[in-house]
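The structure appears below as structure tokens.
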Amino acid sequence: MWVFGHILRIRKREFLPKGKYIICGAGRMGKALAEGLERARIEYVFIDINSEEYKQRKQSAIYGDGEDIKILMQAGITEASCIIAATKDDMINLTILSTAKKLNPAIYTIGRENSLEDISIFKSARIDKIYILERILAKYTYNFIAKPLANKFIRLIHKKDNRWAMNTVGKLSATIGQNPLLFEITINEENAYALAKELQKGTKITLEILKRSRADWRKKNKILFLLYEYHDDESRTTILMPDDSVEVKVGCSLLIACDEEAKEDFEYIINNYYELYYVLTGREQTVGVIAQLLPRRA
């Protein structure tokens, strides 16, 4: 959620209840939800509803007649903690949740909204959690094109367990706060002129050096490197949550979490010879010293 622009904290209304879940929907989303609940060892009942078949058979998109209620009762709606309406038809999803609330007023409701056109209707229905597929797809597409490292980060963390996730969120919160910035950069002359030139001379520069403060090189900015990636013609290196000792190379890409001050410091350091020299050596720069850092003219 944070990678997609939310704050790094789960609000009370986003905590899902414990207990039995009911999934209504026969498509890929319903099956994916069932797999997720199985992994989490949460009891669930699957009601197979194909929206097109349902409308053909009933000649309606309104869910909740006697037969529908009977199916919900057999699924255990009165003692269930949560119901998820995940069909491809918004009206069916809305009426499923409306019927469920009549049978169990305390049930937590989750609805799949297929189109942004129906957003006002879903909001007025007071559904506890709404998933808008068009919005999710737009965010995924944007990340895939504009934030390739963020997209890769999401794919990699899906393979990690809950303990790793808790430790990572705790580290982000403790180091930066509940609303860290997230950005990515490729280290080259266009994006990091001073740093790229210094690396080309053979200077060893680690991620730890890029965390240093311009105000006091002995102190660290509020910055964490989430992903390091480097590839050439021979190999590709991808490191999730890289250690501070990892060496920076021209052409490597970094996914970075930080606050505003740290981002400003980082950008000054990688593009300004004076600032780079200070964090490298701890000494104030002089014109003579900086002249040695500057690339020589042919």
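The values are calculated or read from the model by the stated rules, or taken from the named source; none is laboratory data. Every value quoted in this text rests on a predicted model; they were computed, and no experiment measured them. Ideal geometry is used to build each Cβ from the backbone, glycine not excepted, and the neighbour counts take in all protein chains shown.
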| said: Just checking, does region 131-142 include any residue being outside any helix (DSSP H, G or I) and in the same structural domain as Ile84 (by TED's automatic domain parsing)? | reply: yes
| task | Collect the residues in region 133-166 that are exposed (fewer than 13 other Cβ atoms within 10 Å of the Cβ) and within 20 Å of Met241 (Cβ to Cβ), keeping them in residue-number order. | result | Arg155, His158, Lys159, Asp161, Asn162, Arg163, Ala165, Met166
| Per-region count, region 185-203, residues out of contact with any strand residue (DSSP E or B) (no Cβ under 6 Å at 6 or more places or on another chain) and assigned to a loop (DSSP other than H, G, I, E, B) | 8
| request: Would you be able to say whether some residue in region 213-234 is in the same structural domain as Asp259 (by TED's automatic domain parsing), in contact with a Cys (Cβ under 6 Å, 6 or more places away or on another chain), more than 26 Å from Arg283 (Cβ to Cβ) and part of a strand (DSSP E or B)? | output: yes
| remark: Ile239 meets each of (1) crowded, with 17+ Cβ neighbours inside 10 Å; (2) assigned to a strand (DSSP E or B) with one exception, condition (1)
| message | Among the residues in region 89-105, are any farther than 30 Å from Val250 by Cα, within 16 Å of the chain's Cα centre (by Cα) and surrounded by fewer than 16 Cβ atoms within 10 Å (Cβ to Cβ)? | response | no
| task | Could you figure out which of (1) part of a helix (DSSP H, G or I); (2) outside the structural domain of Tyr278 (by TED's automatic domain parsing); (3) not aromatic (Phe, Trp, Tyr) isn't true of Lys160? | result | (1)
| said: Please pick out the residue among Leu224, Leu182, Leu195 that is closer than 22 Å to Val279 by Cα and in contact (Cβ under 8 Å) with a residue 60 or more places away in the chain. | reply: Leu195
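Here is a check on your reading of the model: is Glu260 in the same structural domain as Gly282 (by TED's automatic domain parsing), loosely packed, with under 14 Cβ neighbours inside 10 Å and closer than 16 Å to Pro180 by Cα?
In short, yes.
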| field | Residue list for region 1-37, filter: free of Cβ contacts under 8 Å to residues at least 40 places away in the same chain, of a type in the set (D, E, K, R) and surrounded by 11 or more Cβ atoms within 10 Å (Cβ to Cβ) | value | Lys31
| message | For region 134-159, give me each residue that is touching a helix residue (DSSP H, G or I) at 6+ places or on another chain (Cβ under 8 Å) and in contact (Cβ under 8 Å) with a residue 12 or more places away in the chain. | response | Glu134, Arg135, Asn143, Ala150, Ile154, Ile157
